[in-house]
Amino acid sequence: MAEIVIVPDAAAGGAIVADEIARLIRGNPAAVLGLATGSTPLPVYDALPARLSGVDLSRVRGFALDEYVGIDPSHPESYRSVIAREVVQPLGLDPARIRVPDGSLEGIEHAGDDYERAIGEAGGVDLQILGIGTDGHIGFNEPGSSFASLTRVKTLTEQTRQDNARFFDSIDDVPRHCITQGLGTILRARHLVLLAFGAGKAAAVASAVEGPLTASLPGSAIQLHPHATVVIDEAAASDL
Ligand code: GLP
């Protein structure tokens with residue numbers, strides 16, 4: 001059973017998770033962070049610089065959960081750009097130590113295996129930040145994703161494309177494919193921290209925390225993890 005932490009608002013949730021990350025890095029300057037995109041983790045990233053000022057971050061590594069396929073890496077909404085803007089630059093991390101799955105079409109057939117190997121060579125992820133989609137997806141593991149899945153190319157659902165259209169000029173600009181860590185990849189991280197805020201996430205949170213355990217509800221995979229923490233506000237907790 002995941003540990004549930006109910007917070008007054010997203011800023012408070014971000015502060016709690018940032019405290020945990022700062023504690024991790026102070027104890028292990030070579031910590032490996034699992035980074036998520038979307039709007040949910042932004043309060044965590046906003047809270048981190050103040051907690052890590054003066055701390056040597058030169059050995060910290062990071063692995064993003066996912067990326068769009070076929071998007072120009074320099075597009076402001078590519079997850080490479082988002083992670084650079086929200087995490088790498090504000091914290092002054094070494095960009096060479098922060099990886100995002102390679103969504104370029106050239107070499108896409110081995111990009112998943114390459115990413116799995118890189119995570120393995122880094123010794124695995126210590127703390128994985130997770131958001132959750134309204135349909136219960138984590139990373140871009142849409143309903144139907146195997147609990148044993150590894151990093152691979154997937155097709156985005158129409159719901160997810162609509163949800164993410166707000167980041168693009170129009171829904172036609174939202175990519176149709178992605179490369180995402182699998183549920184099996186995510187479950188290997190040593191600590192999962194899932195955040196969700198707002199009533200729109202209540203059903204997805206309930207499915208993740210209370211199940212049933214099924215590939216139709218990808219977030220329910222976190223119930224298989226021995227150390228999962230769920231940080232939510234009252235609204236996101238309202239279906240529990
Ligand atoms: C995207 C990301 C997920 C994220 C989800 C929720 O599809 N790939 O990692 O958790 O959307 O996004 P948001 O936090 O903006 O609600």
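Checking residue 161 against (1) touching a Lys or Arg at 6+ places or on another chain (Cβ under 8 Å); (2) within 10 Å of the ligand (Cβ to nearest atom); (3) part of a strand (DSSP E or B), which test does it fail?
Every listed condition holds for residue 161 apart from (3).
Could you look through the stretch 117-154, keep only residues that are closer than 21 Å to residue 227 by Cα and outside any loop (DSSP other than H, G, I, E, B), and pick out the one that is farthest from the ligand (Cβ to nearest atom)?
Result: 120.
Go through the residues of the stretch 4-18 one by one and say whether even a single one is away from the ligand (no atom under 16 Å from the Cβ) and at pLDDT below 95.
No: the stretch 4-18 contains no residue that is away from the ligand (no atom under 16 Å from the Cβ) and at pLDDT below 95.
Need the failing condition index for residue 69 against (1) under 15 Å from the mean Cα position of the chain (by Cα); (2) within 15 Å of the ligand (Cβ to nearest atom); (3) among the β-branched types (Val, Ile, Thr), just the number.
(1)
Would you call residue 146 surrounded by fewer than 22 Cβ atoms within 10 Å (Cβ to Cβ) and farther than 27 Å from residue 204 by Cα?
no
If a residue has to be in contact with a Lys or Arg (Cβ under 8 Å, 6 or more places away or on another chain), among the aliphatic types (A, V, I, L, M) and away from the ligand (no atom under 14 Å from the Cβ) to count, how many in the stretch 47-66 make the cut?
The qualifying residues number 2.
Just to be sure I understand, how many residues within the stretch 46-81 are within 30 Å of residue 172 (Cα to Cα) and touching a Leu at 6+ places or on another chain (Cβ under 6 Å)?
So the answer is 2.
Among the residues of the stretch 149-205, what is the count of those that are charged (D, E, K, R) and either touching a strand residue (DSSP E or B) at 6+ places or on another chain (Cβ under 6 Å) or on the phi > 0 side of the Ramachandran plot (or both)?
1
Just name the residue that is nearest to the chain's Cα centre (by Cα) out of those in the stretch 122-135 that are at pLDDT 95 or above and over 16 Å from residue 190 (Cβ atoms).
Going through the qualifying residues, I end up with 131.
Six or more apart or on different chains, Cβ atoms under 6 Å: show the pairs whose first residue is in the stretch 26-49 and hydrophobic (A, V, I, L, M, F, W, C) and whose second is in a loop (DSSP other than H, G, I, E, B).
30/59; 31/60; 31/126; 32/122; 32/125; 32/126; 36/65; 36/131
Could you check the stretch 29-46 and list, in sequence order, the residues that are away from the ligand (no atom under 16 Å from the Cβ) and of a type in the set (A, V, I, L, M)?
If the condition is that a residue be away from the ligand (no atom under 16 Å from the Cβ) and of a type in the set (A, V, I, L, M), then 30, 31, 32 are the ones that fit.
Can you work out which of the residues in the stretch 216-237 that are more than 18 Å from the chain's Cα centre (by Cα) and of a type in the set (A, V, I, L, M) is nearest to residue 141 (Cα to Cα)?
Result: 237.
If you go through the stretch 19-40 one residue at a time, do you hit one that is touching a Ser or Thr at 6+ places or on another chain (Cβ under 7 Å), assigned to a strand (DSSP E or B), closer than 21 Å to residue 195 by Cα and among the β-branched types (Val, Ile, Thr)?
No, the stretch 19-40 contains no residue that is touching a Ser or Thr at 6+ places or on another chain (Cβ under 7 Å), assigned to a strand (DSSP E or B), closer than 21 Å to residue 195 by Cα and among the β-branched types (Val, Ile, Thr).
Identify the residue in the stretch 72-87 that is more than 16 Å from the ligand (Cβ to nearest atom) and more than 15 Å from the chain's Cα centre (by Cα) and, among all such residues, is farthest from residue 180 (Cα to Cα).
Among them, the one singled out is 74.
Just checking, which of 73, 90 is assigned to a loop (DSSP other than H, G, I, E, B), of a type outside the set (A, V, I, L, M, F, W, C) and in contact (Cβ under 8 Å) with a residue 24 or more places away in the chain?
Going through 73, 90 in turn, just one is assigned to a loop (DSSP other than H, G, I, E, B), of a type outside the set (A, V, I, L, M, F, W, C) and in contact (Cβ under 8 Å) with a residue 24 or more places away in the chain: 73.
Considering only residues of the stretch 195-212 that are over 18 Å from residue 39 (Cβ atoms) and free of Cβ contacts under 8 Å to residues at least 40 places away in the same chain, which is farthest from the ligand (Cβ to nearest atom)?
My answer is 212.
The values are calculated or read from the model by the stated rules, or taken from the named source; none is laboratory data. It should be emphasised that the depicted structure is a prediction, and the values quoted were computed from it without experimental measurement. Neighbour counts run over all protein chains shown; Cβ positions are idealised from the backbone, glycine included.
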